[in-house]
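Notes to accompany the following structure.
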Amino acid sequence: MKEIFETLAEEMRRRAANGEESVEITEESIAALNRLAAKWNIPSESLDEIDEIKFATEEDVKNARIQMKKAEKKQIVVKSKTLEQLGIKPIPEPEPFEMIQGTKLERWEYLRDKVLGDPVCNEHLHPGKKIVFGVGNLDAKIFFCGEAPGADEETQGVPFVGRAGQLLTKIIAAMGISRDDVYIGNIMNWRPEVPKGNRKPEPEEMNYCLPYLKAQVEIVKPDVIVALGATAVTGLLGAVPSGAMSRARGNWYKYNDTDLMITYHPSFLLQYASKQIKRYVWEDMMAVMERVGIPISQKQRGYFMPKEEV
């Protein structure tokens, strides 16, 4: 939800820089905002009264940031009780383990068997579902890292096989490679427990699974890790740099000694993204391609660009 408003704010700032003082809102836009408000239980009466959105003054922005910080502090208090409120057993600290000596395949198979047999991972699975371990090329130059399995993933035991996974596969194909050329994993190895739907992993859940993710990175030794979405970024780096995906994406960071690129999660593209956001993600992918030495054609450089700019 936060990413949506950050994206809207970014567009408002761009329009303000171009001299626009307001943005007209159509009936269709108001209806869309009402649907979004209903989804997030936000009172929607005021949305019907909006004729236009005025650009915020510096004082407005300052006050909004103060209110956001207060809300975030309150959210942290609530989130610390989430697992208990949901009746989920506490997640212990991860136990140290040593990798065996051997080839990449031997080490990967040892790690996979260890994760699939992990008692904590199995204890927190939904009934009849599977632990999800990373898959792909053990010599991959690119390691895509997501947050946690969804419904399709926990059914098949494979990461990124649902709608978001299908979009990721298309993105990889647009790069001129295939899923067989990359490695794909998640911060977590099981789908976070919840009566229905999805929820983001809690810190203690990610903390338990992170040693397994780190071991996969050490086995594959990719040139680049692509962190997909804020949750993956938080798991890998501890927090989203600059505090917002809109400012963090498209920049290079480090996970231990490996280059890391931050971009939006494919599920975000499916639900909310405009053509501009898709272009941002594609720019991130082209930066990754350049870093690992994948040639970029003129046609690829023109993806999601206005025709007059191609």
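Here, each number is a calculation from the coordinates, and none is a lab measurement. Not measured: the values here are computed from a predicted model. Ideal geometry is used to build each Cβ from the backbone, glycine not excepted, and the neighbour counts take in all protein chains shown.
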Legend entry - Label-point separation in nm, Asp259 to Leu237, each point 7 Å along Cα→Cβ: 1.6
Legend entry - Inter-site label distance for Asn251 and Glu283 at 7 Å from Cα along Cβ, in nm: 1.4
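So between Glu93 and Gln166, what do we pick up on full extension, going 0.36 nm a residue minus the alpha carbon distance?
Stretched out fully, the Glu93 to Gln166 stretch lengthens by 22.9 nm.
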Inset, instruction - Distance check, please: which entries in Lys89/Lys114; Lys275/Lys299; Lys196/Lys254 exceed 24 angstrom between their Cα atoms? - result: Lys196/Lys254
Inset, instruction - Note down the nm distance, to one decimal, between modelled labels 7 Å out along Cα→Cβ at Ser178 and at Gln101. - result: 3.7
Inset, instruction - Would you tally the net charge around Glu153, using a Cβ to Cβ cut-off of less than 10 Å, leaving Glu153 out, and scoring K and R as +1, D and E as -1? - result: +1
Legend entry - Hz values of 3J(HN,Hα) by residue in region 100-113 - Karplus curve (6.51, -1.76, 1.60), Gly and Pro given as x: 6, 7, x, 6, 4, 5, 5, 5, 5, 5, 4, 5, 4, 4
Legend entry - Within-12-Å neighbourhood charge of His124 [Cβ basis; K, R +1; D, E -1]: -4
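May I ask you to compute the full-extension gain from Val292 to Glu84, defined as 0.36 nm times their residue separation minus their alpha-carbon distance, rounded to one decimal in nm?
Details: separation 208, 0.36 × 208 = 74.88 nm, distance 4.38 nm.
So the extension gain works out to 70.5 nm.
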Legend entry - Kirkwood hydrodynamic radius of region 218-261, Cα pairs, Å: 10.6
Inset, instruction - Between beta-carbons, use under 9 Å as the cut-off and find the net charge around Tyr212, counting Lys and Arg +1, Asp and Glu -1. - result: +1
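Multiply the residue separation of Asn198 and Lys114 by 0.36 nm, subtract the distance between their alpha-carbon atoms, and state the gained length in nm to one decimal.
Length gained, Asn198 through Lys114: 27.7 nm.
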Legend entry - Förster radius 35 Å - calculated FRET efficiency between Ser274 and Asp223, Cβ distance, rounded to 0.05: 0.70
